[in-house]
Structure formats: C-alpha cells, structure tokens
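The structure's right below; bear with me while I get my questions together.
The values are calculated or read from the model by the stated rules, or taken from the named source; none is laboratory data. Predicted model only: the values in this text are computed from it and were never measured. Here Cβ is always computed from backbone atoms with ideal geometry, including for glycine, and neighbour counts include all displayed protein chains. To get the accessible areas, we keep the full protein, side chains included, count just its heavy atoms, and leave off ligands, DNA and RNA. Shrake-Rupley method; radii C 1.70, N 1.55, O 1.52, S 1.80 Å.
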Amino acid sequence: MEESLELVFMPPLIVLLINAQNNKGEPLTQSEVEAIRDKAVCIALPAGSNAMMAEKRGYDDIDPEFVWQEYLHYLSTFSDTEDNEK
C-alpha cells in the first residue's frame, strides 16, 4: 500500500517571502516571488501534514501553485490592515 505524500515547505513560503520583502524594503516582483519558491526547501510528508502544521503555527502557508496570486492577496490584506490602523 502506497502512502499519499504532500510537499511541505520549511520554513513556510509566506515566511520566506515576508523576510525577502523586508530585506528588500519594498514588495517583491513576480519573478522574485517565483524564484524564492523555486529555491525553497521542501520535504515530502504524509498527506495532512500541512494542515496539522498550520493548526500548530496558527496560520496557513500559501499554495506554491498560486504563489504570485497568494502573495498579492497577502499584500492587499496587509495593506488594508495598515490603513485601518492609521
């Protein structure tokens, strides 16, 4: 019987992107975001591991298949939060 596996990024992709953005001092470009995803370390773990890890850390990682769209969503959400605090 073959066990179903899923890829889990270590550290989470969103953490890598936020760190890179903070180091750059401005939002990343699509090519930068995709390059970070493509060079990131991931491991194959049993299916359900991403959900279990997300529950423990308190947030979901972004989907690597839609990394650019989800990064833009993160930016818009973060920007909306900052605007509301002013």
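Highest mean first, what order results for 62-71, 36-45, 8-17 on Cβ atoms within 10 Å?
Those peptides, ordered most packed to least, come out 8-17, 62-71, 36-45.
For percent of Cα pairs over 21 Å apart, several values are listed as (1) 35; (2) 28; (3) 55; flag the one computed from this structure.
(1)
What part of the accessible area of the chain, given as a whole %, is carbon or sulfur when the probe is 1.4 angstrom?
Roughly 54 percent, rounded to a whole number.
Here's something else I'd like to know. Per the helix-only calculation at 222 nm, which mean residue ellipticity applies to the chain, given -39500 (n - 2.57) for every DSSP H run of n ≥ 4 and division by its residues, nearest 500 deg cm²/dmol?
-18000 deg cm²/dmol
Given a 1.4 Å probe, how much area per residue of the chain is accessible, in Å²?
Here the per-residue accessible area is 71 Å².
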